Structure formats: C-alpha cells, structure tokens
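Okay, so here's the structure we're looking at.
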Amino acid sequence: MDSDYLKGMLRLGLIAFSVVFVSMIVVVALRFVGLSRPYKAFQHHLTAETTYQLGKTDSEAGLLVLRVEKDKEGQWVAVEADSTKRPLESRLEELSQRPGWVIYLSETQPLQLDGLTELLDQIDPSNFVVISPYSKPVTALQKKRPRWLFGLPPTELVKWHMMSVIFLEPFIQLSADWVVFTKQDLDDKLIDPRLTKEMQRRQMKLVYAGSKTELPEWLIESVTGYWQNYKDYAPPKR
C-alpha cells in the first residue's frame with residue numbers, strides 16, 4: 001500500500017480525533033459553566049412543594065384555570081372548561097381573593113396583547129401564573145412583567161430537550177417557573193431523568209397534564225401539580 005496513502009489516512013484520523021476531543025472539552029466546559037449557575041427558590045406559594053390540582057371550578061379546592069383570549073370585538077374574555085365566555089375584567093374581580101389560579105393565554109402574537117397587562121396589574125400578581133402553548137406572547141409578557149410567574153412554552157421544552165441530548169441542558173438559559181408537560185411529551189421522550197433533575201435544580205414546578213397513574217415511577221416524586229382536564233382548555237385551531 002502506498003506510503004502517501006497511509007500518511008493521508010493517518011492525518012485524517014488525527015484530525016477526526018482532534019475534532020472529537022475538542023468537542024468533548026467544549027461540552028464539558030459549557031456544562032460546568034451551566035452547573036455553576038446558582039438558582040434560588042423564588043418565594044411564592046405557587047412554586048411551593050405543595051401538590052396542586054388544576055382545572056377546578058370556583059367552588060372546588062385547587063387552582064382554577066382561565067383560558068384568556070380576545071373575542072371578535074377585540075375585548076379580553078375568560079373562557080372556562082365548559083366554553084363559557086365572560087369579560088375578563090369582571091372575572092378577575094371575582095377571583096381577586098382566590099389564593100391561586102392559572103391564566104392560559106391562547107393568543108399567538110405579542111401584538112395582540114394590548115390591554116392585558118393593564119387588566120392583570122389590577123390584581124395581586126402572587127395569585128396567578130401565566131402559561132401558553134405559544135412562546136412569543138410569553139416572551140413579550142416576561143419583558144414587561146419579569147416578576148410574574150410563567151410556564152415554559154412547549155417549543156422551549158423541545159429546544160431544552162435537544163440541548164439535553166448533547167448534555168448541555170444546564171447551559172441553556174430559560175426563564176420559567178412552571179413546566180407543564182403532556183402524555184405526548186412523555187411518549188416523545190422530551191421529559192427524561194436528567195432533564196427533570198435540571199428542572200428541579202432550577203426550582204421549577206413540574207405540572208403533568210393528566211393523571212398521576214399515567215406517570216412512570218421515576219417521575220412521580222418530581223411532579224407537584226396535575227391538570228387532568230387539560231384538553232378542555234386547549235385553544236381552538238386557527
């Protein structure tokens with residue numbers, strides 16, 4: 001076999017080994033940087049270790065969920081599990097003394113959020129958490145009201161999982177207090193032991209959109225909220 005060919009193959013092998021070695025060093029370094037970031041628990045009763053039940057009615061114990069959207073006239077309304085729509089402002093007044101509830105925001109774009117922050121500013125922000133299936137409105141609200149509680153949008157969970165695949169889940173920066181996940185997320189392996197451990201390190205509250213009996217054994221102790229009628233609140237397809 002030609003010596004030049006052998007030298008070329010050896011050179012390619014060394015280059016490949018160097019690339020892999022440097023990549024491993026970079027991953028380890030970035031992982032170390034991520035793990036070195038401290039995350040203090042946010043003192044808030046909706047991030048406590050208490051196990052919550054979501055989707056309850058006014059008369060039931062647990063967290064009431066309001067799907068919030070704009071109607072055809074451009075007014076903010078609260079839509080509940082039975083599809084009843086009521087003006088959001090009057091509904092918030094009724095709930096002002098309730099110890100905890102969830103705003104499920106179904107608007108898709110930040111430009112559609114005019115007036116919402118002003119309505120929610122009239123009540124105690126320690127009484128609610130904002131979640132949404134869409135990332136853009138959540139990001140917009142977080143910039144306006146960074147002290148509110150927010151859930152992690154599903155698209156951000158997918159990104160986080162992708163970083164976890166290459167062991168960089170501690171490095172990615174996310175701003176969320178709750179992680180609401182579904183049976184489909186479990187089936188798609190978006191929630192795994194290593195990522196769950198990182199969520200707990202960041203003091204995030206894990207809420208499962210289903211029943212406790214559907215969870216694998218390793219996950220049960222990490223989940224502190226259940227939302228069994230989650231599908232009743234899903235926003236209409238657009």
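The values are calculated or read from the model by the stated rules, or taken from the named source; none is laboratory data. The shown structure was predicted, so the numbers you read here are calculated from the model rather than taken from an experiment. Positions of Cβ are generated from backbone atoms using ideal geometry, with glycine treated the same way; all protein chains shown enter the neighbour counts.
Do we have SER135 as modelled with pLDDT of 90 or more and either surrounded by fewer than 16 Cβ atoms within 10 Å (Cβ to Cβ) or under 13 Å from the mean Cα position of the chain (by Cα) (or both) here? So SER135 passes the test. Name the one entry in LEU206, LEU190 that is within 18 Å of PRO133 (Cβ to Cβ), outside any helix (DSSP H, G or I), among the aliphatic types (A, V, I, L, M) and touching a His at 6+ places or on another chain (Cβ under 6 Å). Answer to the selection: LEU190.
PHE150 passes every criterion in (1) part of a helix (DSSP H, G or I); (2) surrounded by 20 or more Cβ atoms within 10 Å (Cβ to Cβ) apart from (1).
Taking the conditions exactly as written (out of contact with any Asp or Glu (no Cβ under 9 Å at 6 or more places or on another chain), acidic (Asp, Glu) and surrounded by 18 or more Cβ atoms within 10 Å (Cβ to Cβ)), does GLU156 satisfy them or not? In short, yes. The set of residues from region 138-151 being under 12 Å from the mean Cα position of the chain (by Cα) and either under 16 Å from GLN109 (Cα atoms) or outside the structural domain of GLN184 (by TED's automatic domain parsing) (or both) comprises VAL138, THR139. If I filter region 216-224 for residues that are in the same structural domain as THR84 (by TED's automatic domain parsing), without any contact (Cβ under 8 Å) to a residue 24 or more places away in the chain, exposed (fewer than 13 other Cβ atoms within 10 Å of the Cβ) and in contact with a strand residue (DSSP E or B) (Cβ under 7 Å, 6 or more places away or on another chain), do I get at least one hit? No, region 216-224 contains no residue that is in the same structural domain as THR84 (by TED's automatic domain parsing), without any contact (Cβ under 8 Å) to a residue 24 or more places away in the chain, exposed (fewer than 13 other Cβ atoms within 10 Å of the Cβ) and in contact with a strand residue (DSSP E or B) (Cβ under 7 Å, 6 or more places away or on another chain).
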